[in-house]
Ligand SMILES: [Zn+2]
Ligand SMILES: [Zn+2]
């Protein structure tokens, strides 16, 4: 909501709060930035690259500008077909979006979810993609949840359900991580695939018995890099009898 649309009491409350607990732009450190986002100043918000142009509908790779048509399957998907049917990513993993994810993942900055909610609303076609979906967060290993106190993919899934109440979204943590995996950042595609193999399983057989087999399932992660993690999750869900299994990430490495 823009400041002018807020009621006067809310505006006063925000002013007091900004005085006591000043907000900072997560990129440049500017105090109490005014603009669309709460914690990104308008100048740094220009670093956000929404993936609103033409895209590969299978892996969400950008393939052209907004005037060009979307394609079903890019050369990369043809070479390494993922186990999910379709994938959607909101923005490039860069600038302010990269910083938002780092804040959430490594600095316990859950306050950033409000800005993430503003971000996802700007994404082309997101409502159609999420309509009537059952969102499945990519699970973390127990030891990592203890350290981080939450699963960021779970927070993202719940934020989506709250941001788009008209889309009839449900969040169902259908999966569990049964094996600890290495951090993927330094691994290449083959090493990532090897690292993820057998990492996930259906969390609870009785819980999925209530989820209809023809439901639209979307596995949710923070960042998509090589699709290996999301694809491995989709494989397990498909193995449990679901066919309409898709993937979603806030950011995509381009
Ligand atoms: Zn800034
Ligand atoms: Zn593709």
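Quick notes on this one:
- On Cα atoms only, tilt of 8-20 relative to the major axis of the chain in degrees: 90
- Take the Cα of residue 158, step 7 Å toward its Cβ, do the same at residue 117, and the gap between the two points is 1.2 nm.
- Computed label-point distance, nm, for sites residue 10 and residue 78 using a 7 Å Cα→Cβ extension: 5.0
- Modelled FRET efficiency - R0 30 Å, residue 214 with residue 110, Cβ distances, 0.05 increments: 0.30
- Dimensions of segment 1-64 from C-alpha coordinates, computed as largest minus smallest value along each principal axis and given longest first, are 46, 26, 17 Å.
- The mean of 1/r over all distinct Cα pairs in the chain, once inverted, gives the Kirkwood hydrodynamic radius of 19.2 Å.
- Inter-label distance, nm, simple model (7 Å from Cα along the C-beta direction), residue 204/residue 63: 4.0
- Using alpha-carbon coordinates, inclination of helix 152-163 to the longest axis of the chain, degrees: 70
- Inter-part distance where segment 190-215 and segment 163-188 are each reduced to a Cα centre, Å: 10
- Residues of segment 222-236 falling in the label zone of residue 144, defined by backbone nitrogen less than 16 Å from a point 7 Å along Cα to beta-carbon, are 222-234.
- Computed over the Cα atoms of segment 105-254, pair by distinct pair, the Kirkwood hydrodynamic radius stands at 15.9 angstrom.
- Helix 95-106 vs. the chain, principal-axis angle (Cα, 0 to 90°, nearest 10): 70
- The antiparallel fraction among DSSP beta bridges confined to the chain stands at about 25%.
Taken together, the values in this text are just the output of simple stated rules run on the coordinates, not laboratory data. This is a predicted model, so every value here is computed, not measured. Counting neighbours? That spans all protein chains shown, and the Cβs are built from the backbone with ideal geometry, glycine included.
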